[in-house]
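The values are calculated or read from the model by the stated rules, or taken from the named source; none is laboratory data. Predicted, not measured: the structure shown is a model, and the values here were computed from it. FYI the Cβ positions are ideal-geometry reconstructions off the backbone, even for glycines, and counts take in every protein chain you see. What goes into the accessible areas is simple: the full protein's heavy atoms, side chains included, and nothing from ligands, DNA or RNA. Shrake-Rupley method; radii C 1.70, N 1.55, O 1.52, S 1.80 Å.
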Protein chains: 2
Amino acid sequence: MAELRGALIGCGFFAVNQMHAWRDVEGASIVAICDRDPDRLRVVGDQFGIARRYTDAAALFAGERLDFVDIATTGPSHRTLVEMAAQHGVPAICQKPFAPSLADAQAMVKACTDAGVPLMVHENFRWQSPIQAVRTVLDSGEIGTPFFGRISFRSAYDVFSGQPYLATGKRFIIEDLGIHILDIARFLLGDVSTVTARTARINPGIAGEDVATMLMDHTSGATSVIDCSYATKLATE
Amino acid sequence: MAELRGALIGCGFFAVNQMHAWRDVEGASIVAICDRDPDRLRVVGDQFGIARRYTDAAALFAGERLDFVDIATTGPSHRTLVEMAAQHGVPAICQKPFAPSLADAQAMVKACTDAGVPLMVHENFRWQSPIQAVRTVLDSGEIGTPFFGRISFRSAYDVFSGQPYLATGKRFIIEDLGIHILDIARFLLGDVSTVTARTARINPGIAGEDVATMLMDHTSGATSVIDCSYATKLATE
């Protein structure tokens, strides 16, 4: 089988992780990269030996024959880029947070459905070894059917130094971290029918919320509590 | 000051704990006991040397001059007994669960308020050393203002062998155990403005719910999660 040709759009903070991961994937390669910022384009392009570089997504889609595109920009640009991929018949993998609003999310899904193009939301936490190990134990039946789960991620990790824009968004903890924990809950306990959420801003230096607590009903009958925080000073970090 | 004269109504499973505790309290003594069951009356009366024994609460109130009464019966009888105490001008300490319904609870409070008689609900978990230690840390200011708390009590402890009636009640875990955990949450994080609760029955051998998960907003701004279960097999009990 011929190698699938992909492009990475967005060469920011997480692009290096994406590029490392794509390098490990058999049967697919990143053949082009795109970013509005020429400096970031150069840094990532040089590090991973990608010669084909674009500062404009439209030029990327016009200039390349692509089998897929990995959209690793921030949320607000996702709809435009996914719709552009759909128009060009290119399957898209979109990084989280998927969309800033439900309306945007629905439009993105519709654009790809109408175009007959696969659309995937990238989620990585459920693939971590400890989470996979929990899944394996559940699948073994050894501990029976789970009726309660708590998935907690609390720390005072300074996410803002690496990604300063996170301090300015009105929404924060659920989009940035909670989204992963919610996905783990779905992975372990199944689809969710209802969510009750509480959020709070503890760090006065940021615009958004840095603490969230969610209570969920799973269609399996299980109840879960998802609690996450970037304002929790642990004894040891 | 003269010793306060009290009576214990209800000589069931927990009466022995009550009697031991009253024996340790300075300035107050249990001078009479009451239970519908002559056997239980005899066992507790003999163990603690209480000669004045009643099988009927009305007879107790008629026959004794009391400074207080400790009502340690099960929930459904509380309203009748508290109202009886109020009618006799006797301050009442009522064991939990306070009342089977909000209407009963309000009637009990009204009866004592109208009679000018103190009414107390007995709660013991907040007085346990570990909980007091947490309160001391909070009061010290050392860890700042709490914005999140989780108070969890999960086990598969067989409460039903000691108190078989617990297996038959339609309500169970919140009345029996959750009530203590909720009180700890109030003790540590302050009064509660809203509660969201989920309950489940896991043990097929009982009539009521044996798992509860509650999400609470405290007027302090803190969020808490209270989770309790009598269906959780721990690694070590």
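Quick notes on this structure:
- Among the conditions (1) more than 23 Å from B:R126 (Cβ to Cβ); (2) more than 10 Å from chain A (Cβ to nearest Cβ); (3) surrounded by fewer than 19 Cβ atoms within 10 Å (Cβ to Cβ), the only one that B:A200 does not satisfy is (2).
- Screening B:D70 against (1) acidic (D, E); (2) buried (at least 16 other Cβ atoms within 10 Å of the Cβ); (3) part of a helix (DSSP H, G or I) leaves a single unmet condition, (3).
- Within the range A:73-102, the set of residues being under 20 Å from A:L182 (Cα atoms) and open to solvent by 40 Å² or more (accessible area, probe 1.4 Å) comprises A:T74, A:K96, A:P100, A:S101, A:L102.
- All positions within the range B:183-233 that are in contact with an Asp or Glu (Cβ under 7 Å, 6 or more places away or on another chain), of a type in the set (S, T, N, Q) and not in a strand (DSSP E or B): B:N203, B:T219
- Subset tally (residues that are under 21 Å from A:T80 (Cα atoms), crowded, with 18+ Cβ neighbours inside 10 Å and among the hydrophobic types (A, V, I, L, M, F, W, C)) for the range A:31-60: 6
- Looking across the range B:204-213 at every residue that is more than 8 Å from chain A (Cβ to nearest Cβ) and crowded, with 18+ Cβ neighbours inside 10 Å, the one that is nearest to A:F148 (Cα to Cα) is identified as B:A212.
The rows are residues; the columns are (1) among the small types (G, A, S); (2) closer than 30 Å to B:T168 by Cβ; (3) in contact with a Leu (Cβ under 8 Å, 6 or more places away or on another chain).
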| position | (1), (2), (3) |
| --- | --- |
| B:A7 | yes, yes, yes |
| B:W22 | no, yes, yes |
| B:V43 | no, yes, no |
| B:A51 | yes, no, no |
| B:I71 | no, yes, yes |
| B:Q95 | no, yes, no |
| B:S101 | yes, yes, no |
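- Residue check for A:D114: more than 14 Å from chain B (Cβ to nearest Cβ), surrounded by fewer than 19 Cβ atoms within 10 Å (Cβ to Cβ) and more than 20 Å from the chain's Cα centre (by Cα): yes
- Residues that are within 14 Å of another protein chain (Cβ to nearest Cβ) and open to solvent by 50 Å² or more (accessible area, probe 1.4 Å), drawn from the range A:129-164: A:V137, A:E142, A:I143, A:T145, A:R150, A:S152, A:F153
- Pairing residues of the range B:163-176 that are closer than 21 Å to B:D227 by Cβ and modelled with pLDDT of 80 or more with residues that are open to solvent by less than 60 Å² (accessible area, probe 1.4 Å) and among the basic types (K, R), at Cβ distances under 8 Å and at least 6 apart in sequence or on separate chains, gives B:E175/B:K96.
- The residues of the range A:155-175 that are of a type in the set (V, I, T) and in a helix (DSSP H, G or I), listed by number, are A:V159, A:I173, A:I174.
- Residues of the range B:165-197 classified as within 14 Å of chain A (Cβ to nearest Cβ) and not aliphatic (A, V, I, L, M), total: 4
- Among the residues of the range A:215-237, the ones that are more than 8 Å from chain B (Cβ to nearest Cβ) and in contact with a strand residue (DSSP E or B) (Cβ under 8 Å, 6 or more places away or on another chain) come to 9 in all.
- Residue in the range A:44-56 that is of a type in the set (D, E) and assigned by TED's automatic domain parsing to the domain that holds A:A15 present: yes
- Among residues that are touching a residue at least 24 places away in the same chain (Cβ under 8 Å), open to solvent by 40 Å² or more (accessible area, probe 1.4 Å), away from chain B (no Cβ under 13 Å) and among the charged types (D, E, K, R), A:R126 is included.
- Taken over the range B:1-28, the criterion of being surrounded by 15 or more Cβ atoms within 10 Å (Cβ to Cβ) and not hydrophobic (A, V, I, L, M, F, W, C) is satisfied by B:R5, B:G6, B:G10, B:G12, B:Q18.
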